[in-house]
Amino acid sequence: MVSICFAGITGWTAPAIVAAIDEADDLTLSSGVSRSAAGQSLAAAAGSASRGLVYATVAEALESAQVDVLIDYTSAAAVKNNVWTAVAAGVHAVIGSSGLTSQDYEELDRLARDRGAGVIAAGNFSVMAAVLRHAASMAARHPGSLGDHRLCQRRQA
């Protein structure tokens, strides 16, 4: 079972990610990070079926709960400290937040290699996913339009 700490547990991306973790057979949400919800249960803060707590910092979560992977969907101001704390402790990380520079990624790569931790960085992934979902829903309202457009181009030629 892979134990996950979710930093940004009260953010807008959390409900779908928490639900996916709860539904997975091989994952468990062991802790969350949110300054505003620190001390609450995962159930109260995020509606999770897991029996963990929410902590104010990643460092507190790592000290208090088993964590194999940190998922960070926080902010540009918080992501660097969160991820460096986890990776320095040998915890793998998935970065969904933006705000890291190319120099930050070079430094993180060295730290991750030194600690044997894997890192997946997909900053702005949630923004792009939302844009693509919106574009797909707009396109779905006009089935056949692409074919009609091509037909019109051929007739004009």
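Rule-based calculations on the coordinates, nothing more; no lab input. From a predicted model like this one, the values you see are computed outputs, not experimental measurements. Because the Cβ atoms are built from the backbone with ideal geometry, glycine has one as well, and the counts that use them run over all protein chains shown.
Dimensions of region 1-140 based on its C-alpha atoms, expressed as ranges along the principal axes with the largest first, amount to 47, 38, 29 Å.
Projected over every direction and averaged, the convex hull enclosing the alpha-carbon atoms of region 12-52 yields 2.7 nm².
Each peptide in 111-121, 46-56 was scored by the mean count of other Cβ atoms within 10 Å over its residues; highest first, the order is 46-56, 111-121. For region 1-101, the Cβ-based charge dipole about the Cα centre amounts to some 340 debye (Lys, Arg positive; Asp, Glu negative; other atoms uncharged). Of the peptides 32-44, 96-108, the order by per-residue mean of other Cβ atoms within 10 Å, starting with the highest, comes out as 32-44, 96-108. Where Rh is the Kirkwood radius over the Cα pairs of region 7-86, the temperature 25 °C and the viscosity 0.890 mPa s, what D in µm²/s does Stokes-Einstein return? Using the Kirkwood radius from Cα pairs, D works out to 199 µm²/s. Of all DSSP-defined beta bridges confined to region 1-103, some 5% are antiparallel rather than parallel.
Computed from backbone phi with θ = phi - 60° and the Karplus coefficients 6.51, -1.76 and 1.60, the 3J(HN,Hα) list for region 90-106 is x, 8, 5, 9, 10, 9, x, 8, 9, x, 8, 8, 4, 5, 4, 5, 5 Hz; x is used for glycine and proline.
Near Tyr55, the amide H atoms lying under 5 Å from its own belong to Gly32, Val33, Ser34, Gly39; only residues 5 or more places off or on other chains count, and H is placed 1.01 Å from N.
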